[in-house]
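Visitor: Questions regarding the structure given below will be posed in turn.
The values are calculated or read from the model by the stated rules, or taken from the named source; none is laboratory data. As the structure is a computational prediction, the values presented were derived from the model and not from experiment. As a convention, Cβ positions derive from the backbone with ideal geometry for all residues, glycine included, and neighbour counts pool all protein chains shown.
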Amino acid sequence: MEKTINIGLFGLGVVGTGIVSVIARAKNAHAVIRRICVRNLDKPRSIELPEGLITDNPDDILLDPEIDLIVEVVDNAEASYRIVTAALRRGIPVVSGSKAMIARHLPELISLQRQHHTALLYDASSCGSIPVIRNLEEYYDNDLLLEVKGILNGSSNYILSRVFDHGEPYRQALKRAQELGFAESDPSFDIEGFDSLFKLIIITVHALGVYVAPSEIFTYGISTIHDADIRYAREKGMKIKLVAQVVKISPETFTMFVMPEFVSPSRYIYSVDDEYNGVVIRGECYDRQFMFGKGAGSLPTASSILSDVMARRHGYCYEYKKMAYPDRPAYTTDIPLKVYVRYFDTPVTSLLPFQRITEQYTSDENNYVIGEILLSDLIACRRQLSAPDVFVTNITRFFEE
């Protein structure tokens, strides 16, 4: 008879509640939740739990010698960091879904795993139910990978789907997303691109073996999208999607960024709608492969957590093989992009050092310019581009079909 895994669970929000439900259903997991730590004992819960199962003292889990595995899904990055690092230092394996914390501290977390001979698994941190991390780590454990690109945030994708597929105004679509729980009351983490950014950082470590800090990556969201941008996309037969991508430019260099993109019907991610995520993996010998699934939500994320729990049952850990490759590519922002920039009053053409302008339009209602500009110059002009009357969209140039 297989030994039962005793789990210490941190967090009992939407995802934590889903984990309790999924663990109870998964009979072959031979796993039980021994203790649950929450921030507020008096908060009403949507599920009934045995008396004494919940605590607000982290040490009730961290110091319990019967705990075999910690599952951490708290909604505070600093608290997540304290929990995960404390567990790893005690040699307790951890499953986490905290993308912001992992993306900010991944080099340290890798070091702690090696130092204390334990494991941190986090497939649920990137793309919900899509097993992208373990696939990149195991199936694509070579240097033939050229690109990982996709829609990594379900909230922003739901909003843009309502805009382009249902004709809803952006503000109305955002409100609907909040009412349905796809977006928070403060939706900036999703619609400004930070959620996608943190996922992309984690993906890049497993795709190319290189860590890049969040501050070094150009990140631009959809909060300033305007009817003029939507109209332009429709006239061209395209949709606007919030896209994250890491691309190998040459055997020696790669780049990565998060920004809206004009997507044509020929692209796989064109049909990724609502709260779904879609990831395209491109390689030298296999062209493109596509992964699709729900990127958020209680049960989809909990199912990914369960997969990591089962992986730990069999002793699985990330080996970070590509970080040991002697010829890893170097991160660069010295590459030209082709972008559409819509503006009203901000003097975009004088502020942005375009290498070449290919199209320009001016009217009493709005203005836009299409041109080539270095990614490094977009990063240098981040403050100006954050003006409420400006919207930037990528016009893809990599691997054009």
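Visitor: Report every pair of residues separated by at least 6 positions or lying on different chains whose Cβ atoms are under 8 Å apart, first residue within the stretch 343-361 and touching a residue at least 24 places away in the same chain (Cβ under 8 Å), second of a type in the set (D, E, K, R).
Guide: Listed by first residue and then by second, the contacts come to Y343/D389; F344/D389; D345/D389; T346/D389; L352/D377; P353/D377.
Visitor: Let me ask you something else. Only one of Q172, Q113 is over 17 Å from the mean Cα position of the chain (by Cα) and either outside the structural domain of G16 (by TED's automatic domain parsing) or on the phi > 0 side of the Ramachandran plot (or both); which? Reasoning before the result, please.
Guide: Working: Q113 fails: either outside the structural domain of G16 (by TED's automatic domain parsing) or on the phi > 0 side of the Ramachandran plot (or both).
The unique qualifying residue is Q172.
Visitor: Follow-up. Among the residues of the stretch 363-385, write down those that are touching a residue at least 24 places away in the same chain (Cβ under 8 Å) and not in a strand (DSSP E or B).
Guide: Residues of the stretch 363-385 touching a residue at least 24 places away in the same chain (Cβ under 8 Å): 365-379, 381-382, 384-385.
Within the stretch 363-385, E365, N366, L375, S376, D377, L378, I379, C381, R382, Q384, L385 qualify.
Visitor: I'm trying to understand the selection: among the residues of the stretch 220-245, which are touching a helix residue (DSSP H, G or I) at 6+ places or on another chain (Cβ under 7 Å) and either part of a helix (DSSP H, G or I) or surrounded by fewer than 20 Cβ atoms within 10 Å (Cβ to Cβ) (or both)?
Guide: S223, I230, listed by residue number.
Visitor: So if I check each of G209, G167, G193, G181, which one is at pLDDT 95 or above, at positive phi and surrounded by fewer than 19 Cβ atoms within 10 Å (Cβ to Cβ)?
Guide: Being at pLDDT 95 or above, at positive phi and surrounded by fewer than 19 Cβ atoms within 10 Å (Cβ to Cβ) holds for just one of G209, G167, G193, G181, which is G209.
Visitor: Filter the stretch 99-136 down to the residues that are modelled with pLDDT of 95 or more and of a type in the set (S, T, Y), then identify the one that is surrounded by the most Cβ atoms within 10 Å (Cβ to Cβ).
Guide: Among those that are modelled with pLDDT of 95 or more and of a type in the set (S, T, Y), it is Y122.
Visitor: Also, quick follow-up: Evaluate the following for E147: is it within 21 Å of the chain's Cα centre (by Cα) and free of Cβ contacts under 8 Å to residues at least 12 places away in the same chain? Outline the logic, then answer.
Guide: On the way: within 21 Å of the chain's Cα centre (by Cα): yes; free of Cβ contacts under 8 Å to residues at least 12 places away in the same chain: no.
Against the criterion (within 21 Å of the chain's Cα centre (by Cα) and free of Cβ contacts under 8 Å to residues at least 12 places away in the same chain), E147 does not qualify.
Visitor: So, S21, is that one assigned to a loop (DSSP other than H, G, I, E, B), in contact (Cβ under 8 Å) with a residue 24 or more places away in the chain, among the polar types (S, T, N, Q) and farther than 15 Å from Y122 by Cα or not? Even if it seems obvious, please write down each step before you answer.
Guide: Numbers: assigned to a loop (DSSP other than H, G, I, E, B): no; in contact (Cβ under 8 Å) with a residue 24 or more places away in the chain: yes; among the polar types (S, T, N, Q): yes; farther than 15 Å from Y122 by Cα: yes.
Answer is no for this residue.
Visitor: Further question on the same structure: For residues in the stretch 311-362 being in a loop (DSSP other than H, G, I, E, B) and within 30 Å of A29 (Cβ to Cβ), which is modelled with the lowest pLDDT?
Guide: Out of the qualifying residues, it is H314.
Visitor: Would you point out the residue of the stretch 317-335, among those that are closer than 20 Å to Y140 by Cβ and crowded, with 17+ Cβ neighbours inside 10 Å, that is farthest from the chain's Cα centre (by Cα)?
Guide: Ranking the candidates gives P329 first.
For every residue, the table says whether it meets (1) in contact (Cβ under 8 Å) with a residue 60 or more places away in the chain; (2) farther than 15 Å from V71 by Cβ.
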position	(1), (2)
P93	yes, no
L106	yes, yes
S126	yes, yes
V132	yes, yes
N142	no, yes
